[in-house]
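**Q** Quick one: the structure is below, questions incoming.
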Amino acid sequence: MGGLRVACDEAEKETDMAEQTSGPGGVERPLSPHIQIYRWHIPMLTSILTRITGNALIVSAVLVVWWLLAAATSPEYYALADAVITSWLGDIVMTLSLWGIWYHFLAGLRHLYYDAGHGLDIPTAEKLGWGLLIGSVVLTVLTIIII
Amino acid sequence: MRYLTDRKRAEGKGAGHSGTEHHWHMQVSAVGLALIVPTFLYVFGSALGGTHDEVLATFARPIPAILTGLVLVFGLLHFKNGAQIMIEDYWRGTTRKAALMFTTAFTYGLIATGLFALAKMAL
Ligand code: HEM
């Protein structure tokens, strides 16, 4: 992912180059960052969150389809599904889903922007990352207010 | 030197051996979803928590029904191909194949179930 590539460039400046490029067996290529000793930063965090939100949205999709099926089946079944989705646990899951889809939406647009070859320098990537984190929360709150 | 065209050399490359097809699908579905998902959030969010009659009335109208159908089909196909990226990054061999098959079957099952429910309410 674009974000990670930017992150690697930054780390290479800080680490000894020789150590970065010669791995086991003297492999002459850049190696993946070792996640436990790697300093977290915004492009890295926002990149992995894209994967987490995208895949976690399957939970929301299952709930939505179940709710639709219940509504199509009978008033009793609908009452059950609606009670589950609007319970406190359901509210937490649906609010997280809302944030997840807005986050993934913004991250997806950033991904397309990166793929077109833009925004890959470190200062821009940092700003875009903050834009995703703040923008997704703003959009989530706005949606809750409007609905 | 082997007498191969550039195209022959590129075919079958990539983790999923499907060349650039997969990446192109992600880009097309991403743009499509970016256009329809915000309106869907409004429609679905408004319907959620309504009475049973209100929900039936909502999905009997063409725009909410068609929009929800589109988001279900293309959102879930986009999910299927997106989950494939993660599966190919983390697993190999039989586990990878089984995970891809399971994701594919699960996704199509969910699409079919959602469309059945929508059709039942809309017609
Ligand atoms: C709201 C509109 C959406 C946009 C603009 C969008 C955009 C994108 C983009 C650009 C990618 C990267 C594709 C690539 O790596 O080539 C992506 C990945 C992905 N998307 Fe979406 N998406 C949207 C909605 C969804 C939904 C609703 C789901 C799930 C139901 C989803 C699940 C995924 C998954 C699982 C990935 C793969 C993440 C990874 O591991 O790299 N997306 N999306």
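The values are calculated or read from the model by the stated rules, or taken from the named source; none is laboratory data. Given the structure is predicted, the values throughout are model-derived calculations rather than measurements. Note that each Cβ is placed from the backbone with ideal geometry, even for glycine, and that neighbours are counted across all protein chains shown.
**Q** For region A:86-105, does any single residue satisfy the condition of being modelled with pLDDT under 95, among the β-branched types (Val, Ile, Thr) and within 30 Å of B:Phe59 (Cβ to Cβ)?
**A** Within region A:86-105, one or more residues are modelled with pLDDT under 95, among the β-branched types (Val, Ile, Thr) and within 30 Å of B:Phe59 (Cβ to Cβ).
**Q** Considering each of A:Leu128, A:Leu132, A:Leu96, A:Leu80 in turn, give the residue that is within 16 Å of the ligand (Cβ to nearest atom), more than 20 Å from B:Ala30 (Cβ to Cβ), in a helix (DSSP H, G or I) and more than 10 Å from chain B (Cβ to nearest Cβ).
**A** A:Leu96
**Q** Take the residues of region B:69-123 that are among the charged types (D, E, K, R) and more than 10 Å from the ligand (Cβ to nearest atom): which is nearest to B:Ala34 (Cα to Cα)?
**A** Filtering region B:69-123 for residues that are among the charged types (D, E, K, R) and more than 10 Å from the ligand (Cβ to nearest atom), the one nearest to B:Ala34 (Cα to Cα) comes out as B:Lys120.
**Q** Hey, among the residues in region B:65-112 that are more than 14 Å from the chain's Cα centre (by Cα) and β-branched (Val, Ile, Thr), which one's nearest to the other protein chains (Cβ to nearest Cβ)?
**A** Among residues in region B:65-112 that are more than 14 Å from the chain's Cα centre (by Cα) and β-branched (Val, Ile, Thr), the one nearest to the other protein chains (Cβ to nearest Cβ) is B:Ile87.
**Q** Further question on the same structure: Out of A:His118, A:His111, A:His104, report the one residue that is of a type outside the set (Gly, Ala, Ser) and within 26 Å of A:Trp67 (Cβ to Cβ).
**A** Every option except A:His104 fails the conditions.
**Q** Within region B:29-54, how many residues are in contact (Cβ under 8 Å) with a residue 24 or more places away in the chain and either β-branched (Val, Ile, Thr) or near the ligand (Cβ under 8 Å from one of its atoms) (or both)?
**A** Counting residues in region B:29-54 that are in contact (Cβ under 8 Å) with a residue 24 or more places away in the chain and either β-branched (Val, Ile, Thr) or near the ligand (Cβ under 8 Å from one of its atoms) (or both) gives 7.
**Q** Can you tell me which residue among A:Ile122, A:Ile146 is under 18 Å from B:Pro38 (Cβ atoms) and of a type outside the set (Phe, Trp, Tyr)?
**A** Step by step, each of A:Ile122, A:Ile146 is checked, and only A:Ile146 is under 18 Å from B:Pro38 (Cβ atoms) and of a type outside the set (Phe, Trp, Tyr).
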